[in-house]
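Just so it is clear, none of the values below were taken in a lab; they were calculated from the coordinates. This structure is a prediction, so every number in the text was calculated from the model and none was measured. Note that each Cβ is placed from the backbone with ideal geometry, even for glycine, and that neighbours are counted across all protein chains shown.
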Amino acid sequence: MAIAIAVETPMQDDVRSLVAELNANLLELTPPEFCFHLSVEDMAEPSVTVFVARDKGAAVACGALKRHADGVGEVKRMYTRPSHRGRQVGALIVAEIEALARREGLERLVLETGDRHPAAWTVYERAGFHRCGPVLDYPESKWSVFYEKSLKG
């Protein structure tokens, strides 16, 4: 498997398509008011770094690091196309996000995911994330599952 992961702009057509698939997938599983999407334009903000996984040049997965105050980074927009699931692509992206967060001196990573995403839970738990209560300004909800990971030490 020759998957290449790099920091890229989300403003490319193939990355926009990937994000549109992610949004559609989330809306199949979660009511819209509990889907906390960053738009592609939001993903292009300086506080966000987007990682894109490519297989033979085709965008097959993405994820992002969004920086917040007080040394907190948030894992956002994680998605792997069905054709590439089960191949550890998500784990590779989470590792890239964590490595960047550590290089930048962030102290903690957090994330919100859906209550119907057990494959995502596995990726995060294998990467050392632990479930926690609501993070940042997310509301407590039966539709959300929250994770955190300390980067100290």
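Across the chain, the mean sequence separation of Cα contacts (distance under 8 Å, 6 or more residues apart), normalised by length, yields a relative contact order of 20 percent. For the chain, excluding the exposed loop sites themselves (trypsin sites (Lys or Arg not before Pro), DSSP loop, at most 11 other Cβ atoms within 10 Å), the longest remaining stretch covers 57-141. From helices alone, the chain scores -9000 deg cm²/dmol at 222 nm; the rule is -39500 (n - 2.57) for each run of n ≥ 4 DSSP H residues, then divide by the residue total. For segment 10-123, the alpha-carbon coordinates run over 35, 35, 29 Å along the three principal axes, in decreasing order. Selection among Pro31, Val48, Val145 by position relative to the dipole of the chain gives Val145 as farthest towards the positive end (Cβ unit charges, Cα centre). Cβ crowding within 10 Å ranks Val19, Val94, Val40 as Val40, Val19, Val94, fewest other Cβ atoms first.
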